[in-house]
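Colleague: Would you mind keeping the following structure in view while I ask a few things?
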Amino acid sequence: MATILVVEDDKNQRVLYEDELKEEGYHVILAKDGREAVRKVRDNKIDLVVLDIRMPGADGVETLSNIIAVNKKVPVILNTAYTSYKDNFMTWAAEKYIVKSSDLSELKKSIKEILDRKKPGE
């Protein structure tokens, strides 16, 4: 069972993602901000990170950089309501950039595709 870290400052969004991804058969770990996310990547075997960009404290772009510094092999999906960050070259380090939607099918499809490409043990 793959472990997904969901980094989202909005509690309702975190709960929604947790429920939806557990239904898909994933083990889900939650983080409410960038600092907590980096700690959880350091302390757990994370197979994929779903990362919000606009968060208080360290934003998603800074958090992405910090996650890569801890584990450069963990794929990250940036999941945000804002398209403007696509032009920030730092976001290019992410595996995927998805604009948030109430329909999580694109996110779920992307998670599955990325995890299917990963080699066992990575």
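Colleague: Of everything in region 1-31, what is without any contact (Cβ under 8 Å) to a residue 40 or more places away in the chain and surrounded by 17 or more Cβ atoms within 10 Å (Cβ to Cβ)? Give them in sequence order.
Modeller: R14, E18, V28, I29, L30, A31 - these are the residues of region 1-31 that are without any contact (Cβ under 8 Å) to a residue 40 or more places away in the chain and surrounded by 17 or more Cβ atoms within 10 Å (Cβ to Cβ).
Colleague: Mind listing just one residue for me: the one in region 76-122 that is buried (at least 16 other Cβ atoms within 10 Å of the Cβ), outside any helix (DSSP H, G or I) and polar (S, T, N, Q) and, of those, modelled with the lowest pLDDT?
Modeller: T80
Colleague: Take K22 and decide whether it is among the basic types (K, R) and closer than 18 Å to L104 by Cβ.
Modeller: yes
Colleague: Give region 32-44 a look and list any residue that's within 13 Å of T3 (Cα to Cα) and either polar (S, T, N, Q) or surrounded by 13 or more Cβ atoms within 10 Å (Cβ to Cβ) (or both), or say none.
Modeller: Passing the criteria: K40, V41, N44.
The values are calculated or read from the model by the stated rules, or taken from the named source; none is laboratory data. Fair warning: this is a prediction, and the values are worked out from it, not measured in the lab. Cβ atoms come from the backbone with ideal geometry, glycine included; neighbour counts cover every protein chain shown.
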